[in-house]
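**Q** Have a look at the structure that comes next, please.
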């Protein structure tokens, strides 16, 4: 009978394990998300907006008077997380709620004047960040990347409900794509040199 291998033989060099991990689509997406979110926070600076809050302001600018449930559904934010998000935006005077006459339980959401001013400035700053990414990719590279990311999303959604909100807070960044308290993103950029990544 062949003797089992020594414990040392079962261990793998960290460099080899990391090389294999970097072949994973999910791992590559995670690293890219961290880099993009870090740059987002840098350009936002004193505006104090998270990616989720920015998305809400942008969506309301295009869809004034939308119901809270519509915004949460379209941005794939869990409804239980959307309420405190909305409360914070309203407390800052950026969003207003107006009760609907036809349904007293529902509210129509609007950007305030302050919210629209902040949205425009935030959009200008995000354009700078997006411009740096586009310059690195080239126009055809950016389009190809967006198309590939859409295909990744569609391939996953095809196996699940397309309207299901994201559940894994570990993949959702500073505030979470669904508004939950996801993993905190460091403001310092550092390329991972080991398998250690916050999840």
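Taken together, the values in this text are just the output of simple stated rules run on the coordinates, not laboratory data. Being a predicted model, the structure only gives us computed values, none of them experimental. With ideal geometry, Cβ positions are generated from the backbone for all residues, glycine too; neighbour counts draw on all protein chains shown.
**Q** So, residue 72, is that one touching a helix residue (DSSP H, G or I) at 6+ places or on another chain (Cβ under 7 Å) and either part of a helix (DSSP H, G or I) or surrounded by 15 or more Cβ atoms within 10 Å (Cβ to Cβ) (or both) or not?
**A** On the way: touching a helix residue (DSSP H, G or I) at 6+ places or on another chain (Cβ under 7 Å): yes; either part of a helix (DSSP H, G or I) or surrounded by 15 or more Cβ atoms within 10 Å (Cβ to Cβ) (or both): yes.
Against the criterion (touching a helix residue (DSSP H, G or I) at 6+ places or on another chain (Cβ under 7 Å) and either part of a helix (DSSP H, G or I) or surrounded by 15 or more Cβ atoms within 10 Å (Cβ to Cβ) (or both)), residue 72 qualifies.
**Q** Please go through (1) under 22 Å from the mean Cα position of the chain (by Cα); (2) assigned to a helix (DSSP H, G or I) for residue 114 and return the number of the only condition it doesn't satisfy.
**A** Every listed condition holds for residue 114 apart from (1).
**Q** Being in contact (Cβ under 8 Å) with a residue 12 or more places away in the chain, closer than 20 Å to residue 39 by Cβ and surrounded by fewer than 15 Cβ atoms within 10 Å (Cβ to Cβ): is that true of residue 118 here?
**A** Numbers: in contact (Cβ under 8 Å) with a residue 12 or more places away in the chain: yes; closer than 20 Å to residue 39 by Cβ: yes; surrounded by fewer than 15 Cβ atoms within 10 Å (Cβ to Cβ): no.
So residue 118 does not fit the description; no.
**Q** Also: I'm told residue 83 meets every condition in (1) out of contact with any helix residue (DSSP H, G or I) (no Cβ under 6 Å at 6 or more places or on another chain); (2) surrounded by 15 or more Cβ atoms within 10 Å (Cβ to Cβ) except one. Can you identify the failing condition by its number?
**A** With respect to (1) out of contact with any helix residue (DSSP H, G or I) (no Cβ under 6 Å at 6 or more places or on another chain); (2) surrounded by 15 or more Cβ atoms within 10 Å (Cβ to Cβ), residue 83 is out only on (2).
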